[in-house]
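K.L.:
Before I ask anything, here is the structure I am working with.
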Amino acid sequence: MASALQFASPEWFEALAARMRADAEQYRRLGAIDCTMVVKIDRPERSDLYEIVFESFGVKSIRRLGRLEDAAPGHFVLEAPLEVWREMIENIRAHGAADLQHTLNYLTFPDDPMRVTGPNQLETDAFYRYNESLQRFFDGAATVPTRF
Amino acid sequence: MAKYSPTVEMGLDRIREMARGNLDLAWMEANPAGWGHRIEHRPGELRLVDIETGHYAQIPEHGSAHGSMAPRGSYVPEGTRSLGMYTLNEMSEVWAENAASLYDEAVVRQWNSVTDIPWDKLQKLPDDIEKAVCQMCTGLTEVEFVAGDMPAKWLCRINHDFHEVKLFLATQIMDEARHLDVFRKRALANGGGLLMASPGQEELLAAILEAPDYATASALMHIFGEGFVLTLFRQGEFLAPTEVEKKIFRLCMQDEARHVAYGVKHLKYFLERHPEREPQIHAMLDVGEQAIFSLTLEPQTWGPRAILAGGGLANIEQGMARMAFIYGKQVKEYLNRLRIAGLDREPRLTIPKDIPYEDLAA
């Protein structure tokens, strides 16, 4: 059995990117995705930031950020406390994909427990424009053994 | 007496000349500035933005006077007849810097309501929930194709030199056809059916379709109308009782966000060049705000959403309280998008920024 990967870490997101590559035909059906997503994990003592750049039908780059200001100018931010990310990922692992109450849109729509923000509204709107692809990206966690 | 018409006789003369070896190959040298074009593109894909470079990226501020469908960047022979149909000849009237990239995005992110929705997962729902879903779909079936009819009304009037915009609007028409189709299908597919149409919606639709020019029509539809509907789609996904509705709303949400992105960038481009037109845009948004506030409070609009949010008719009041924040979110995002376009709407807003449901209910 593969050893569990730490959430969040570059390796964990790289595992999702690898599943995206393995699932290339499905992602091609969904269409190209050109945007930059920053994942923000809030802990009591600090926040962790990861920048995932999508280009065409895959992930172009993944990097940990020291601060949000280091993110590419055109980006949106998905942010939530660690326990919310954990519940979402565990739900995906339990069901093979997010159930009705754990999709990205479901979690972000009321701005609680997860929020989507951006430098301006159009950047935030990219989260809506590519939502199906982003959901599939996170649903890739179903086969990523994860520790928190 | 000639056997054929002058046109045919002329053609026959040409054939005779060609047969004698007198070939007219002037077309081969007609466009030296446009020949030898080089492009760069990502492996496995060729986007519109990849080819519209150099000579072919020279977009005239005023569309070509020849008024034909001759492709931008080609040599247009003198005497080419004008089609006489283009009235939108100023680039600023229609242009958006993201039109070409949004077209690329639209064509590669198309989906279909026949096989992309997991219809087999439809399940029997409690009567009040099925009626709420069907009423929501009735309203969306009614409103969605205005975003097809509006671009269709203006499309043939846009100068052919702005083909990026025309192509993007063509994808929008297809998107809206799919939306009408998928919501109608959902209403009819699970033992329910269509319920009540919305007179309130017709007020907004009329304002969009009767707008006096493309810029005001676009501001009202792409930013205002589609922005509000985008939030409704997000809400639809949030409230969806099954995977079927989830998927429908997620896919529609993507399309709608593209249309909004065009509208914002178009209004920005337009206002940067025509700041004197700001009062007209504001006046049109006044009309839209009044219409949408009225229709938002129609029973057939808020009722089904409140039922879904409450988990059933018995909890409709709880559902209303839960959903009150949606309106505030719609208004906030609307103001944010206008701000990007260069329009500070907040001081001119004619509707409340929030609905204080708890206070009003007290």
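Each reported figure results from applying straightforward, stated rules to the coordinates on display, with no laboratory input. None of these values were measured; they are calculated from a predicted model. Backbone-built Cβ (ideal geometry, glycine too); neighbour counts: all protein chains shown.
K.L.:
Kindly put B:Met174, B:Met253 in sequence by how many other C-beta atoms sit within 10 Å of each C-beta, fewest to most. Each step should come with its number before you reach the end.
P.N.:
Details: B:Met174 14, B:Met253 25.
Final ranking by Cβ density, sparse to dense: B:Met174, B:Met253.
K.L.:
Please identify every one of the GluC sites (Glu not before Pro) in the stretch A:11-105 that sits in a loop by DSSP and has no more than 11 other beta carbons within 10 Å of its own beta carbon. Write out the running numbers ahead of the final one.
P.N.:
Details: sites: A:Glu11, A:Glu14, A:Glu25, A:Glu45, A:Glu51, A:Glu55, A:Glu69, A:Glu79, A:Glu83, A:Glu87, A:Glu90; in loops: A:Glu45.
Sparse-neighbourhood loop GluC sites (Glu not before Pro): A:Glu45.
K.L.:
Sticking with this one: Tell me which of B:Leu169, B:Leu195, A:His102 sits at the most positive position along the dipole axis of the protein assembly as shown, charges placed on C-beta atoms (Lys, Arg +1; Asp, Glu -1).
P.N.:
Selected residue: A:His102.
K.L.:
When chain B is modelled as a GNM with alpha-carbon springs shorter than 10 Å, which of B:Leu102, B:Leu343, B:Leu297 fluctuates the most?
P.N.:
Evaluated over chain B, the most mobile residue of the options is B:Leu297.
K.L.:
What does the protein assembly as shown give for Rg and for Dmax, in Å, if only its C-alpha atoms count?
P.N.:
According to the Cα coordinates of the protein assembly as shown, Rg and Dmax are 25.8, 99 Å.
K.L.:
Please arrange B:Asp104, B:Asp181, B:Asp255 by how many other C-beta atoms lie within 10 Å of their C-beta, fewest to most.
P.N.:
Starting with the residue having the fewest Cβ neighbours, the order is B:Asp181, B:Asp104, B:Asp255.
K.L.:
How much mean residue ellipticity at 222 nm does chain B get from its helices, if each DSSP H run of length 4 or more adds -39500 (n - 2.57) and you divide by all residues, to the nearest 500 deg cm²/dmol? The partial results should precede the final answer.
P.N.:
Numbers: 15 runs with 208 residues, N = 362.
Taken over chain B, the calculation gives -18500 deg cm²/dmol.
K.L.:
Given points 7 Å out from each Cα along the Cα-Cβ axis, report the B:Ile351 to B:Met85 separation in nanometres with one decimal.
P.N.:
3.5
K.L.:
Across peptide B:248-258, how many C-beta atoms of other chains are within 10 Å of each residue C-beta, on average?
P.N.:
On the way: counts 0, 2, 9, 3, 0, 7, 8, 2, 3, 9, 3.
Per-residue shielding by partner chains comes out at 4.
K.L.:
Further question on the same structure: What's the extension gain from B:Asp50 to B:Asn112 if we count 0.36 nm per residue and subtract their Cα-Cα distance? Mind showing how you got there, number by number?
P.N.:
Numbers: separation 62, 0.36 × 62 = 22.32 nm, distance 2.67 nm.
The B:Asp50-B:Asn112 span can extend by a further 19.7 nm.
K.L.:
Another question, if that's okay. Could you tell me which trypsin sites (Lys or Arg not before Pro) in the stretch B:77-185 are loop residues by DSSP with no more than 16 other beta carbons within 10 angstrom of their beta carbon?
P.N.:
On the way: sites: B:Arg81, B:Arg109, B:Lys121, B:Lys124, B:Lys131, B:Lys153, B:Arg157, B:Lys166, B:Arg178, B:Arg184, B:Lys185; in loops: B:Arg81, B:Arg109, B:Lys124, B:Arg157.
For trypsin sites (Lys or Arg not before Pro) across the stretch B:77-185 that sit outside H, G, I, E and B with at most 16 neighbouring Cβ atoms in 10 Å, the list reads B:Arg81, B:Lys124, B:Arg157.
K.L.:
Compute the distance in nm between two label points, each set 7 Å from the Cα along the Cα-to-Cβ direction, one at B:Asn22 and one at A:Asp48.
P.N.:
So the label points at B:Asn22 and A:Asp48 sit 8.2 nm apart.
K.L.:
How many angstrom lie between the C-alpha centres of the stretch B:308-323 and the stretch A:106-148?
P.N.:
About 26 Å separates the Cα centre of the stretch B:308-323 from the one of the stretch A:106-148.
K.L.:
Then there is this: If amide H atoms are built 1.01 Å from N in the plane of the peptide, which residues on other chains or at least 5 residues away come under 5 Å of the amide H of A:Gly58?
P.N.:
Counting only residues 5 or more places away or on other chains, the set is A:Ile33.
K.L.:
Also: Kindly rank B:202-211, B:218-227, B:257-266, B:299-308 from highest to lowest mean number of other beta carbons found within 10 Å of each residue. Walk me through the numbers on the way to the answer.
P.N.:
Details: B:202-211: 18.6, B:218-227: 27.5, B:257-266: 25.5, B:299-308: 21.5.
Ranked from most to least packed, the peptides come out as B:218-227, B:257-266, B:299-308, B:202-211.
K.L.:
Normalised radius of gyration for the stretch B:97-225, please: alpha carbon Rg relative to 2.2 N^0.38 Å, two decimal places.
P.N.:
On the way: Rg = 16.8 Å, N = 129, 2.2 N^0.38 = 13.9 Å.
Compared with the compact-globule rule of thumb, the stretch B:97-225 sits at 1.20.
K.L.:
So how do B:Phe168, A:Phe76 line up by other beta-carbon neighbours within 10 Å, fewest first? Could you put the intermediate results ahead of the total?
P.N.:
Values: B:Phe168 28, A:Phe76 23.
Fewest to most other Cβ atoms nearby, the residues stand as A:Phe76, B:Phe168.
K.L.:
Give me a single rounded figure for B:201-209: the average over its residues of other chain Cβ atoms within 10 Å of their Cβ. Don't skip to the end; give the middle numbers.
P.N.:
On the way: counts 0, 0, 0, 0, 0, 0, 0, 0, 0.
Counting other chains' Cβ atoms within 10 Å and averaging over B:201-209 gives 0.
K.L.:
Averaged over peptide A:125-137, how many Cβ atoms belonging to another chain are found within 10 Å of each residue's Cβ?
P.N.:
Values: counts 13, 2, 3, 14, 12, 4, 9, 8, 3, 1, 4, 0, 0.
Partner Cβ neighbours, averaged per residue: 6.
K.L.:
Spin-label point model (7 Å from Cα, Cβ direction): what's the B:Glu298 to A:Arg67 distance in nm?
P.N.:
Computed distance between label sites B:Glu298 and A:Arg67 equals 5.1 nm.
K.L.:
Within 10 Å of each candidate Cβ there may be at most 15 other Cβ atoms; applying that plus a DSSP loop requirement, which trypsin sites (Lys or Arg not before Pro) in the stretch A:47-105 survive?
P.N.:
Numbers: sites: A:Lys60, A:Arg63, A:Arg64, A:Arg67, A:Arg86, A:Arg93; in loops: A:Arg67.
Qualifying residues, ordered by number: A:Arg67.
K.L.:
Please report, largest first and rounded to whole Å, the three semi-axes of the ellipsoid equivalent to the stretch B:91-361, where each semi-axis is the square root of five times an eigenvalue of the C-alpha gyration tensor.
P.N.:
Ellipsoid half-lengths, sorted descending, are 31, 23, 14 Å.
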